[in-house]
1. Can you name every residue in region 50-68 that is touching a helix residue (DSSP H, G or I) at 6+ places or on another chain (Cβ under 8 Å) and under 13 Å from Gly94 (Cα atoms)?
2. Within the set of pairs 6 or more residues apart or between chains, which connect a residue that is under 15 Å from Ala26 (Cβ atoms) inside region 156-169 to a residue that is part of a loop (DSSP other than H, G, I, E, B) and polar (S, T, N, Q) with Cβ atoms less than 6 Å apart?
3. How about region 1-29: which of its residues are touching a Pro at 6+ places or on another chain (Cβ under 9 Å) and either farther than 21 Å from Ala80 by Cα or without any contact (Cβ under 8 Å) to a residue 12 or more places away in the chain (or both)?
4. What are the residues in region 168-191 that are surrounded by fewer than 14 Cβ atoms within 10 Å (Cβ to Cβ), over 17 Å from the mean Cα position of the chain (by Cα) and either under 26 Å from Glu107 (Cα atoms) or not hydroxyl-bearing (Ser, Thr, Tyr) (or both), if any?
5. Going through region 13-38 one residue at a time, which ones are surrounded by fewer than 18 Cβ atoms within 10 Å (Cβ to Cβ), in contact with a Leu (Cβ under 9 Å, 6 or more places away or on another chain) and not β-branched (Val, Ile, Thr)?
6. Answer yes if at least one residue in region 132-150 is charged (D, E, K, R), within 30 Å of Asp51 (Cα to Cα), open to solvent by 20 Å² or more (accessible area, probe 1.4 Å) and not in a strand (DSSP E or B), and no otherwise.
Amino acid sequence: MRILVIEDEFSLADAIARGLRKRGFAVDVAYDGTTGYEAATITRYDVIVLDRDLPGMHGDEICASLARNGALTRVLMLTASSSVAARVQGLGLGADDYMSKPFAFDELVARVRALGRRATPAAPPVLSVADVELDPARHKATRAGVPLDLTRKEFGVLEELMKAGGAVVSSEELLDRVWDANTDPFTTIVRVTVRTLRRKLGDPPMIETVIGAGYRIPTGE
């Protein structure tokens, strides 16, 4: 899942990003509203964690513009105000959820995951294909009931392939959904990760390579 954090308080933005990365998310950070809005219009993020009071482009303006343009990205708005009126106003601008500062980080993670499941198309809480089950919230994957020891990136690739419902996912899409903006777009990291993921999944092989197109996990339907 790809997340954008737009927060002008550097220490808080970096702490949120570090924590989300440890939970397996791909995270980009912007420290002002103008840069954050530009990133949101260029890259398709699953969730944006958006501070309301931002320099440059205000968080309200970012939220309203994304909603007006029909963006599929879910917005979790952060604010220092805990008043009901502020929450109502934020949700009225198009935010999908709202949290007041200070907040419990575990709650932030839970809300980000919940918003991610509301993406289009919606993803179930636990993904299942054949004898493989993947639980993103608990970061657990099993095959035939046996736990799979996956790195965060291997887990992310498996999640994206399972979410695709049998459709082909290109290397570019996997790079965009699982890695962040700091990754070299010409790297072979996707191919290497798929190779090690195949090995860990074992037999019978699950991941198919579609020449010139990408990778898929057939659903058998």
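The values are calculated or read from the model by the stated rules, or taken from the named source; none is laboratory data. Since the model is a prediction, treat every value here as computed from it, not as a measurement. Cβ atoms come from the backbone with ideal geometry, glycine included; neighbour counts cover every protein chain shown. Side chains included, ligands, DNA and RNA excluded: accessible areas come from the protein's heavy atoms. Shrake-Rupley method; radii C 1.70, N 1.55, O 1.52, S 1.80 Å.
1. First pass over region 50-68, keeping only residues touching a helix residue (DSSP H, G or I) at 6+ places or on another chain (Cβ under 8 Å): 50-63, 65-66.
Answer for region 50-68, where residues must be touching a helix residue (DSSP H, G or I) at 6+ places or on another chain (Cβ under 8 Å) and under 13 Å from Gly94 (Cα atoms): Leu50, Arg52, Gly59, Asp60, Glu61, Ile62, Cys63, Ser65, Leu66.
2. Nothing qualifies.
3. Let us first name the residues in region 1-29 that are touching a Pro at 6+ places or on another chain (Cβ under 9 Å), namely 1, 8, 24.
Of everything in region 1-29, those that are touching a Pro at 6+ places or on another chain (Cβ under 9 Å) and either farther than 21 Å from Ala80 by Cα or without any contact (Cβ under 8 Å) to a residue 12 or more places away in the chain (or both) turn out to be Met1, Gly24.
4. Scanning region 168-191 gives Asp184, Pro185, Phe186, Arg191.
5. Within region 13-38, Gly19, Asp32 meet the criteria.
6. There is at least one residue in region 132-150 that is charged (D, E, K, R), within 30 Å of Asp51 (Cα to Cα), open to solvent by 20 Å² or more (accessible area, probe 1.4 Å) and not in a strand (DSSP E or B).
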